Amino acid sequence: MYLCLALLGLFPFIPWPVQALLLAACITATGLSLAERFAAFVWPRRADGARRLERDSGFAHRPISEKDDRLAAGDEFAQALWRAHQMRTIPQGGFRIALPHTNLKQADPRGLRYGLLLLLVVGLVASRGQIIPRLVSAFDSGAGAAASIDAWIDPPAYTGLPLQSLALNDGGVIPVPAGSTLNLRVHGAPRAPGLTAGPNSAPRFTGDRGEYSSNAVIRHDAQVRVRVGGHAIGKWQLHAVPDAPPHIAFDGPPTRTERDAVKFAFKADDDYGVASVRVIMTPHNRLGAALSSDLPIAPGKSVSQTSFVDLTAHAYAGLLVDARLEARDAVGQAAISKTITFRLPMRVFTDPLARALIEQRQNLATSDAAGRRRFTAALDALAVAPELFYEGRENIYLAVRNAFWGVKIGKTAPEFHRVEDLLWQTAVALERGGLLNAAEELRKLQAQITAALASGAPQEVIDELLKRYNQAMQRYMQALQNAPPAPGQQPPMSADTKVLSEDDIQTMMKAIQQLAESGNREQAAQMLALLQNMLENMRMAQAGQGGKGGQGQQGNKQLNDAIQKFGDMMGKQRMLMDKTFRQRQGQGDPKDGGAQGLAKQQAELEQQLNEAMKGLDPKLAQKLQDAGKAMGDAKGALGKNDLDNAGNSQKKALEALRQGAGELAREALKQQGQRAQGNSKDDPLGRGGSPFGNSQVKIPGPSDLAKAREILKELRRRAGEMGRPQQERDYIDRLLKAF
């Protein structure tokens, strides 16, 4: 009867408590009936089967059941007679089995069983095509049918991956980064759902009034199931992809720059991004602790970069060292490169006492107890007759004696390191000139800017650091100009020497700031590294040398001004195209004056374009002429209130403006590169092409920067509109974080 009700589809209209009572009653009645009927049940024997076959076949004298009978006693004649009797009485055929005999008539004298059978047939006919679901509903509370679920994967922040939504019909294995958070939200459930997540920790659902939530961290492969009232409302097979360790290698041997810094070129990669890189150095075949120095890197999964580190202040300066690179990812996994042996550059001191102090400092850093005794003897000798050798330099004498007693009574490595620092500061104080400090300040600021770009610092912080970097660069240039030539200085520049003017450097600074403002911070960091590379290898030109640096300034300035104007025009054209689109959707701003007002704005923009094209090379202005023609078409369509064709023409005008501005930018960079190179084909670092047009750093043109700025501005505007749906605002916030 219970199954008949299920086939007729009545349970969806019956409250679950009533259905549960009916199910319990049906199970109880079935159990009691089976227990009563099977109380006297005995498994049939062979003899019972033989008697049943004899009765159903109509055999007399029990020929089958007596087949195995034996005479209790008798002579041989009696035995033979008995065997002949058995052979004669066993039939050769006519076996049959009748239908089982039941007592249904006695148990159901009124024939109600036929009504139940008829109801079952009606239920089967009524539920054709839905037999299985209706039978399942007989044992299901139905809670899962009304419940819905939202599920998504939130990867770890360091991966930089977007949220991954999980659909109910996702088949197969779904790869997710190990450590991702599985977010589950169940709606319309009458009670708290159940959650299984394999070996991962699966907290219980929390909530009330039909809304429940749970979060599970996926660290291992698991089959996740969510059930409500025994009904599965979500099931996914998740594969936790472990974070692979990074890889790093030298991209050439370390080299020395003009300012005695070490240039480290390296390549590193990681599946989600390299977090930090440092170089570890130990003295080659000598005693001494390991020296490590962090290298600034630009963010990215694949890093190919050059970093500069001033190691002249370290006690190992001038020694052969074994260097290896160490890269770490966001979870702390490390990778070590192969070891390279090279000699650390050292600063050349002209003062004899400063040279002696630096030599003893190096001996202290690479010696044992016996070496430290020799060190104290040497410093004791340097302090002889202070009234003769340290007149007017009592502070230097006190520093030397302080270093002597620091090693004499020192016991631990930190105490010896303090003595090494004291000797370095004393030697630097004996020398004059601020070039070394200016160069070190530049390197520190470059590392801070690179770290800020990688960590997504606010644009205000980036701008302030770039301002400080520009000021430090001016001080560095001044110190470089005033510094006397060092021993071994290169000979005067020849006609093929590459020359960079201050305008070239300022152009690169402006490009770096524009890249950072447009959100392309990775390229901004790469371009900053390129500029630092140039500064590290630069030396000042003497009077009368490098005269090519001022050629072509006027023509290049004209191109730069034109590029700036066309970048502004692209922003205005994009804004006008957005207004046309909103007007076509019936959401135009009344202040624009409708299609006629937009046509007037388009005409003004066309006039500005024609004025900006005056004086340009006709070959360079070809694309800009196409933009003017498209603007005219858009103006005519707007005048006719043909918004569809107006939008298409505005799109063509914007694309032509981009291409035209790109041509102008390439021409400006070409002229600038020629002015910086003279007749040479190499840049100041010995690489092919100009530092702008043929380097590994791709510099977006003004059109790309203008487009990026407009997109960023529009995203910020929409993020401030509180009337937008929360889902759209969350998406805009993620885009702004990416920028």
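Overview of results
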{"item": "Residue satisfying all of: in segment 404-427; in contact (Cβ under 8 Å) with a residue 40 or more places away in the chain and surrounded by 15 or more Cβ atoms within 10 Å (Cβ to Cβ); nearest to residue 375 (Cα to Cα) among these", "result": "407"}
{"item": "For residue 634: the one exception among (1) over 20 Å from residue 667 (Cα atoms); (2) surrounded by fewer than 18 Cβ atoms within 10 Å (Cβ to Cβ)", "result": "(2)"}
{"item": "Residue among 244, 240 that alone is assigned to a strand (DSSP E or B) and of a type in the set (Gly, Ala, Ser)", "result": "240"}
{"item": "Breaking point among (1) assigned to a strand (DSSP E or B); (2) closer than 20 Å to residue 157 by Cα, for residue 249", "result": "(2)"}
{"item": "Identity of the residue in segment 202-229, at pLDDT below 85 and either small (Gly, Ala, Ser) or not in a loop (DSSP other than H, G, I, E, B) (or both), that ends up farthest from residue 19 (Cα to Cα)", "result": "202"}
{"item": "The lone exception for residue 643 - which of (1) touching a Lys or Arg at 6+ places or on another chain (Cβ under 7 Å); (2) at pLDDT below 60; (3) not charged (D, E, K, R) it fails", "result": "(2)"}
{"item": "Subset tally (residues that are small (Gly, Ala, Ser), in a helix (DSSP H, G or I) and within 18 Å of the chain's Cα centre (by Cα)) for segment 144-197", "result": "1"}
{"item": "Selected residue (criterion: surrounded by the most Cβ atoms within 10 Å (Cβ to Cβ)) from residues of segment 354-376 that are more than 24 Å from residue 395 (Cα to Cα) and within 49 Å of the chain's Cα centre (by Cα)", "result": "367"}
{"item": "Answer residue from segment 618-633, given it is of a type in the set (Lys, Arg) and part of a helix (DSSP H, G or I) and is modelled with the highest pLDDT among those", "result": "629"}
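The values are calculated or read from the model by the stated rules, or taken from the named source; none is laboratory data. Given the structure is predicted, the values throughout are model-derived calculations rather than measurements. Glycine gets a Cβ as well: all are built from the backbone with ideal geometry, and neighbour counts include every protein chain shown.
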